[in-house]
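Shown next, in structure tokens, is the structure this report addresses.
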Amino acid sequence: MKLPISVALVFVALGLSSTAVPAVAGPLVYGFRTGAASSSIRGDYADAFTSDARIGFAGSMFARYRLGSWLSLQPEVGWVSKGEQTSSSIIIMSVGGPVQYQTIDYQYDTRLDYLEIPVLLRADIPTGWFFEPYVIAGSGVGFRTGSSVTFDFTSTPASPLPPGPAKVRQAAIFESVGTMANPRFENVDWSVIGGGGVTLGRGPIRIVMDARYTHGLAAIYQSIDASGAHNASWAAT
């Protein structure tokens with residue numbers, strides 16, 4: 001199922017965060033962001049395997065160039081850990097003789113680390129008070145710097161099939177993504193970004209609370225399109 005690109009541009013939210021923003025002479029403002037990202041994998045792959053959120057580190061450096069009294073251009077360079085956590089169960093039924101079944105529960109953690117370079121437009125909302133809200137929107141490119149898959153499973157002893165009707169869930173197989181333990185990931189991810197925050201303080205050193213949603217446009221696995229599997233991540237910094 002394809003997700004509309006515009007969905008990433010309608011999210012505006014605030015999160016716990018801390019950002020030091022030393023203001024300098026002229027139109028340039030610079031600083032750093034550090035916090036956490038709640039990420040998951042979306043698309044047909046996630047629908048089949050029930051992708052859950054994974055918490056990872058997020059941080060970046062940025063420079064903000066004022067284009068006017070309220071509009072700025074904000075390029076960034078940062079690092080973020082994305083991925084997913086998934087748990088599910090498989091029931092194996094015996095053939096021949098008395099019908100028996102065995103349940104296998106598996107859990108795996110997929111970690112995808114990216115060097116990300118977003119370019120954002122920032123619109124400040126002047127209030128004249130101690131705090132000033134703002135919204136951001138833009139796009140970015142991420143280069144995969146590392147990845148890993150931690151896989152674990154447990155099984156129950158075979159036992160007779162319980163009475164009553166059996167329920168079987170249809171499974172989808174994605175042969176092109178590789179095995180669960182050794183998937184084939186793409187090295188580049190394109191995304192659109194939307195969010196907002198609030199600036200606290202009036203001096204040269206300010207604290208900023210910022211939250212943003214990043215919607216991946218590229219497939220994270222080789223040989224499939226973005227509708228199969230793509231990144232989706234909330235970051236609070």
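The lone criterion from (1) crowded, with 19+ Cβ neighbours inside 10 Å; (2) at pLDDT 60 or above; (3) in contact with a Gly (Cβ under 7 Å, 6 or more places away or on another chain) left unmet by residue 111 is number (1). Screening residue 148 with (1) surrounded by 14 or more Cβ atoms within 10 Å (Cβ to Cβ); (2) at pLDDT below 90 gives one miss only, at (1).
Taking the stretch 200-237 as the range and being among the hydroxyl-bearing types (Ser, Thr, Tyr) and open to solvent by 10 Å² or more (accessible area, probe 1.4 Å) as the test, the residues that pass are 213, 214, 223, 227.
In summary, residue 137 fulfils each of the numbered conditions (1) small (Gly, Ala, Ser); (2) farther than 27 Å from residue 86 by Cα; (3) touching a residue at least 12 places away in the same chain (Cβ under 8 Å); (4) surrounded by fewer than 19 Cβ atoms within 10 Å (Cβ to Cβ) with the single exception of condition (4). Could you tell me whether residue 126 is open to solvent by 20 Å² or more (accessible area, probe 1.4 Å) and either at pLDDT 85 or above or within 19 Å of residue 191 (Cβ to Cβ) (or both)? Spelling it out, residue 126 is indeed open to solvent by 20 Å² or more (accessible area, probe 1.4 Å) and either at pLDDT 85 or above or within 19 Å of residue 191 (Cβ to Cβ) (or both). Residue 36 falls short on exactly one of the conditions (1) assigned to a strand (DSSP E or B); (2) modelled with pLDDT under 95, and that condition is (2).
The lone criterion from (1) at pLDDT 65 or above; (2) within 17 Å of residue 214 (Cβ to Cβ); (3) surrounded by 14 or more Cβ atoms within 10 Å (Cβ to Cβ) left unmet by residue 106 is number (2).
The values are calculated or read from the model by the stated rules, or taken from the named source; none is laboratory data. Since this is a predicted model, take the numbers as computed values, not measurements. Ideal geometry is used to build each Cβ from the backbone, glycine not excepted, and the neighbour counts take in all protein chains shown. The accessibility values were calculated without ligands, DNA or RNA, using every heavy atom of the protein model including side chains. Shrake-Rupley method; radii C 1.70, N 1.55, O 1.52, S 1.80 Å.
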